[in-house]
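The values are calculated or read from the model by the stated rules, or taken from the named source; none is laboratory data. These numbers come from a predicted model, not from an experiment. Glycine also receives a Cβ, built like all others from the backbone with ideal geometry; neighbour counts cover every protein chain displayed.
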Amino acid sequence: MILSVQDVVKTYGNYTAVNHVSLDVPKGCVFGMLGPNGAGKTSLIRMITTITAPDSGVIYLDGQKLHARSPEQIGYMPEERGLYKKMKVGEQLLYLAQLKGLSQHQAMNEIEAWLTKFEIKDWWNKKVEDLSKGMQQKIQFIATVLHKPKLLILDEPFTGLDPINTNLIKEEIALLNESGISIIFSTHRMEQVEEMCDHIVLINKGRNVLYGEVKAIKNQYKQNLFRIETHEALPTELPERFPVVKTEKNALTFKLENESDSNELLRTFLQKDIKISRFEEILPTFNEIFIQRVAETEEQ
Amino acid sequence: MSKLSLIIKREYLTRVRKKSFIIGTLLAPVGLLVYMLVIVGLSSYQGGDEIKVAVLDEAKIVGNLPDEKGVRFLPSGNKTLDQLKTEVTEKKIDGVLRVPPVSNFQQKDHTIYYYSDDKLAPEKSGLIEKRIAGKIKEFKMDSLKLDAGQLKLLESDVSIDPEGINSNQDDDQSKYTAGVGLAVGGIMTFLLFFMVLMYGQMVMRSVMEEKTNRIVEVMMSSVRPFDLMMGKIIGAGLVGLTQVVAWVILSGAVSFLVPLVTGMGSVEPPMTPGNATMDPEMMQDTGMRIMTELSKQNWPLLIGSFIIYFLGGYFIYSSMFAAVGSAMGDDLGEGQSLTLPATLPLILAFYIVSMAGWRNPDSGLMVFSSIFPLFSPIAMPFRLAFNPPWWQVAISLILVVASAVFFVWLAGRIYRVGILMYGKKVTLKEMWKWTFYKG
């Protein structure tokens, strides 16, 4: 495990922001941290990054309890991000890298490598305030990963990015992950989770309400929905054990009792010699799971 | 390099490299230079061209007056007042001075008349009045058959020479002791007040800037909030010291350059009625005595305690400003109620010193102010020039150092919470609650 959070509690006055949360982030995975606004994601991240300390509970980073030098192994891009506007790009990156424990020499090498990679070497002497918002985001990203952290925490990394830069950063995240860096990816945008994450945790009202592997969770929440799309008119008579839950112009969606009934269903269609253009299992989207889980926990 | 020193370095360098800092640091001594040149220029200015004044001596006491700076006295001959007035109209002379006869010896106030359409400059009219008064005095003395030498003996000057009673006190005091003490204390107080307020607020603005820039959370993930706050406070403090040192050096250079530029031996103070009558010997004597008084001041103690009080006061107030800055949003105006508790004691201390301190540096109010740690960085340096009891200085020093430590600690507690708090209007009560948050 790269990160292990064990029974962590954080209160502010009378308000409990994080309420007995436990979770493990396996090494080398992309871990999604989901939850509505105000759920306690940022409070949890701030404890992982040692910005604040938990009231109770323990956090381990790569097997070690968090300590004064832990931040040097973490790269954190907060949702509320910013740079020193009046500082030059090069100076700024150098400063932030040195604060992460890099020597001046190491920092210079890394900065040069990244600026070359993004083809922005001529920005070294530009002031941050003279850069566009998208350009600033690139610098911010570089600042986050310069010191080669073991764990990268990205809080809503794509807000404010145009599609081109979003893709660029996505690719970089994938590359960093391939090189062995574990990534915690906090967001409320579910489609990104499905696309990028292996594991997730869903946090609501300071509690861990859903946690596990993405595939496993999807399987757990699936309702055995199967959809058949045809090239011709839909059959009118079908066996009763295949209840239709949704009828479209050229498609039907069935809710089956058992997953294994799906072959039976397909066979029925084939026997009727109906030309099928598509047959698929409909898995719940994370959006649906999310809403369902949040509703369930709030009922409790 | 440690993280704290990295932060200090950045805070220091970004400020020192700023144009406003460079201009401010250079311009202040240049301003001083201009001011001194203007004063030198003014004091050597003669009040316009020389004027020719005909003296119509009806009292027969004036005789021939020697020419003065800017005024030439001409005898009237046998011309009448009307003839002389015509000469004024014809611009042969500038004015007519008529001295009526002195009829009554008991009379103290005498009036003489000046006929001209041009206004007589105050400096010139003062000069003429003094010369004629002298002549009337001589005339009265002659008429009363008084001896000038005896009269001189009647004049007496009295001055109080303060003498200490306790053996440990410096008993070689003079009437200049108090004045020099006031000047030294006043300058120290003003400098401390100005620097603590200016650089304390610089810390506040810088904290607010980081908060509104949203860089603070990025920073927090690398350094402890306390280090970030201390880095700012120390960095800005060093900028302040740099500025003062630069001013001292530049001012020294300026006061050295001015005499060279103007070709004068020394910069003379402007002519005032007070020292205009002083003869040069006496002035030299005064200068010597002031120098003696200055050299009698315990400079190592003064400078040493100045530094301690500056550091103490600066840490107390700049940490308060840092805490306030961390609690404030983007809007300076909205935070007025928060900045007031930080600025008020400072202004109050300065007010007490400038109102009560000048009158009596050892009054009860001043003793209290010089010990109370929120006031003492401003009030005690002022009193130091007057040899306050050592135990008061000791208590004051202990309190100021302890308070500085306490306020830095307290501010750190508030800062770490406030700096990450957005979109909330903060009250003092809330800030107080923050100090109890864990972690």
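Some observations on this one:
- Qualifying residue in the range A:253-269 (condition: outside the structural domain of residue A:30 (by TED's automatic domain parsing), assigned to a strand (DSSP E or B) and surrounded by fewer than 19 Cβ atoms within 10 Å (Cβ to Cβ)): yes
- When residue A:28 is tested against the conditions (1) away from every other protein chain (no Cβ under 14 Å); (2) out of contact with any Cys (no Cβ under 7 Å at 6 or more places or on another chain); (3) assigned to a strand (DSSP E or B); (4) of a type in the set (Gly, Ala, Ser), the lone failure is (3).
Yes/no per residue for (1) crowded, with 18+ Cβ neighbours inside 10 Å; (2) modelled with pLDDT of 85 or more; (3) more than 14 Å from every other protein chain (Cβ to nearest Cβ):
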{"site": "B:18", "(1), (2), (3)": "no, yes, no"}
{"site": "B:21", "(1), (2), (3)": "no, yes, no"}
{"site": "B:31", "(1), (2), (3)": "no, no, yes"}
{"site": "B:35", "(1), (2), (3)": "no, no, yes"}
{"site": "B:48", "(1), (2), (3)": "no, no, yes"}
{"site": "B:55", "(1), (2), (3)": "yes, yes, yes"}
{"site": "B:72", "(1), (2), (3)": "no, yes, yes"}
{"site": "B:75", "(1), (2), (3)": "no, yes, yes"}
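- Taking first residues from the range B:379-399 that are closer than 16 Å to residue B:303 by Cα and partners that are assigned to a loop (DSSP other than H, G, I, E, B) and modelled with pLDDT under 85, the Cβ contacts under 6 Å between residues at least 6 apart in sequence or on separate chains come to B:383/B:361; B:386/B:361.
- Number of residues in the range A:232-250 that are in a loop (DSSP other than H, G, I, E, B) and either touching a His at 6+ places or on another chain (Cβ under 7 Å) or farther than 16 Å from residue A:271 by Cα (or both): the value is 6.
- Residue in the range B:216-229 that is small (Gly, Ala, Ser), buried (at least 22 other Cβ atoms within 10 Å of the Cβ), within 14 Å of chain A (Cβ to nearest Cβ) and over 25 Å from the mean Cα position of the chain (by Cα) present: yes
- The criterion of at least 3 residues that are at pLDDT below 85, touching a strand residue (DSSP E or B) at 6+ places or on another chain (Cβ under 8 Å) and acidic (Asp, Glu) is met by none of the helices (runs of 4 or more DSSP H) falling completely within the range B:145-229.
- Single residue of the range B:96-115 satisfying the filter (of a type outside the set (A, V, I, L, M, F, W, C) and under 42 Å from the mean Cα position of the chain (by Cα)) that is nearest to residue B:71 (Cα to Cα): B:114
- Extreme residue, nearest to residue A:55 (Cα to Cα), among residues of the range B:413-439 that are among the β-branched types (Val, Ile, Thr) and not in a helix (DSSP H, G or I): B:435
- Of all the listed residues (B:410, B:399, B:348), the sole one being out of contact with any helix residue (DSSP H, G or I) (no Cβ under 8 Å at 6 or more places or on another chain), assigned to a helix (DSSP H, G or I) and away from chain A (no Cβ under 14 Å) is B:348.
- Tally, over the range A:1-14, of residues that are within 14 Å of residue A:44 (Cα to Cα) and within 14 Å of another protein chain (Cβ to nearest Cβ): 5
- Per-region count, the range A:53-102, residues at the interface with chain B (Cβ under 9 Å from one of its Cβ atoms), surrounded by fewer than 22 Cβ atoms within 10 Å (Cβ to Cβ) and part of a loop (DSSP other than H, G, I, E, B): 11
- Taken over the range A:15-25, the criterion of being touching a residue at least 24 places away in the same chain (Cβ under 8 Å) and within 14 Å of chain B (Cβ to nearest Cβ) is satisfied by A:16, A:17, A:18.
- Flag for residue B:389 being more than 28 Å from residue A:44 (Cβ to Cβ) and surrounded by 15 or more Cβ atoms within 10 Å (Cβ to Cβ): no
- Members of the range B:351-372 found to be outside any helix (DSSP H, G or I) and buried (at least 22 other Cβ atoms within 10 Å of the Cβ), listed by number: B:361
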